[in-house]
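Colleague: There's a structure below that I have some questions on.
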Amino acid sequence: MPIPYELISTSTVGATAVSSIDFTSISSTYTDLLVVHSLRTTLTGGPYHFDDCALRFNGDTGNNYNRLVLRTREGSTGSGQNISSSFIVLYESDAADATANSFGSGQVYITNYASAEHKSVDVMGGSESNNATQVQYGFASGLWKSTSAITSIKLYSQNGANFVQYSSASLYGIKKA
């Protein structure tokens, strides 16, 4: 039986760049949530053509997140973990130095977001600059150590860059039978 995905909201950046993409007033009528994104930022001058992005729930900026990551970046692989972080890694965004009009894309799956338990998060995504040597792909698992229902989600650049025109994210609610 197919899982019914219901579009809750889509946010697309207009002509003026923005510091974050936010979903607010998320109702508790679903079982799980899915965020699908296509992102590009204003970050310049870095050693890579990507911008490390992140997400937070309910405005929580404390060290209440665990994360485990696995990624490949321009031919090298890496992994890491942090059991006291202030965000969940979000893969990934193209930066301003990437090939023009290219965007990083990915998705975030959040289980049991309205429960009174800690929230499990699975992330996957990638960026490429239309060049086989300038690619990044990653997977992350995370945990938000809160028993509060998720009512808002914030996507942002860890480097303080802004999302540019046509960056977008969609939030879906999932009802399991």
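Colleague: Look at the stretch 13-32 and say how many of its residues are closer than 25 Å to Ala161 by Cβ, of a type outside the set (Gly, Ala, Ser) and touching a Phe, Trp or Tyr at 6+ places or on another chain (Cβ under 7 Å).
Modeller: Of the residues in the stretch 13-32, 3 are closer than 25 Å to Ala161 by Cβ, of a type outside the set (Gly, Ala, Ser) and touching a Phe, Trp or Tyr at 6+ places or on another chain (Cβ under 7 Å).
Colleague: Return a yes/no flag: does the stretch 148-163 have any residue that is more than 25 Å from Ala15 (Cβ to Cβ), touching a strand residue (DSSP E or B) at 6+ places or on another chain (Cβ under 6 Å) and modelled with pLDDT under 95.
Modeller: Within the stretch 148-163, not a single residue is more than 25 Å from Ala15 (Cβ to Cβ), touching a strand residue (DSSP E or B) at 6+ places or on another chain (Cβ under 6 Å) and modelled with pLDDT under 95.
Colleague: So which residues in the stretch 49-72 are surrounded by fewer than 18 Cβ atoms within 10 Å (Cβ to Cβ) and modelled with pLDDT under 90, if there are any at all?
Modeller: Leu68, Leu70, Thr72 - these are the residues of the stretch 49-72 that are surrounded by fewer than 18 Cβ atoms within 10 Å (Cβ to Cβ) and modelled with pLDDT under 90.
Colleague: Test of understanding: among Lys154, Lys119, which residue is under 21 Å from Asp51 (Cβ atoms), in contact (Cβ under 8 Å) with a residue 60 or more places away in the chain and of a type in the set (Lys, Arg)? Give the derivation first.
Modeller: Numbers: Lys119 fails: under 21 Å from Asp51 (Cβ atoms).
On inspection, the qualifying residue turns out to be Lys154.
Colleague: How many residues are under 26 Å from Leu143 (Cα atoms) and either hydroxyl-bearing (Ser, Thr, Tyr) or surrounded by fewer than 17 Cβ atoms within 10 Å (Cβ to Cβ) (or both) if we restrict to the stretch 77-106? Explain how you work it out, then say what you get.
Modeller: Step one: of the stretch 77-106, the residues under 26 Å from Leu143 (Cα atoms) are 77-94, 104-106.
Checking which are either hydroxyl-bearing (Ser, Thr, Tyr) or surrounded by fewer than 17 Cβ atoms within 10 Å (Cβ to Cβ) (or both) leaves us with 77-86, 91, 93, 105.
The number of residues fulfilling the criteria is 13.
Colleague: Evaluate the following for Ile26: is it surrounded by 12 or more Cβ atoms within 10 Å (Cβ to Cβ), farther than 18 Å from Ser157 by Cα and either modelled with pLDDT of 85 or more or of a type in the set (Gly, Ala, Ser) (or both)? So that I can check it myself, show each step before the final result.
Modeller: On the way: surrounded by 12 or more Cβ atoms within 10 Å (Cβ to Cβ): yes; farther than 18 Å from Ser157 by Cα: yes; either modelled with pLDDT of 85 or more or of a type in the set (Gly, Ala, Ser) (or both): yes.
So Ile26 passes the test.
Colleague: Looking at the stretch 4-31, I want the residues that are on the phi > 0 side of the Ramachandran plot and have a partner that is assigned to a loop (DSSP other than H, G, I, E, B) and of a type in the set (Val, Ile, Thr) with Cβ atoms under 8 Å, at least 6 apart or on another chain. Which pairs are those?
Modeller: Between residues of the stretch 4-31 that are on the phi > 0 side of the Ramachandran plot and residues that are assigned to a loop (DSSP other than H, G, I, E, B) and of a type in the set (Val, Ile, Thr), the close pairs are Ser25/Thr151.
One line per residue, one yes/no per condition, for (1) surrounded by 19 or more Cβ atoms within 10 Å (Cβ to Cβ); (2) at negative phi; (3) over 15 Å from the mean Cα position of the chain (by Cα):
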{"site": "Tyr113", "(1), (2), (3)": "yes, yes, yes"}
{"site": "Ser127", "(1), (2), (3)": "yes, yes, no"}
{"site": "Ser141", "(1), (2), (3)": "no, yes, no"}
{"site": "Thr151", "(1), (2), (3)": "no, yes, yes"}
{"site": "Ala161", "(1), (2), (3)": "yes, yes, no"}
{"site": "Val164", "(1), (2), (3)": "yes, yes, yes"}
{"site": "Ile174", "(1), (2), (3)": "no, yes, yes"}
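The values are calculated or read from the model by the stated rules, or taken from the named source; none is laboratory data. A quick note: this is a predicted structure, and the numbers were derived from the prediction, not measured. Positions of Cβ are generated from backbone atoms using ideal geometry, with glycine treated the same way; all protein chains shown enter the neighbour counts.
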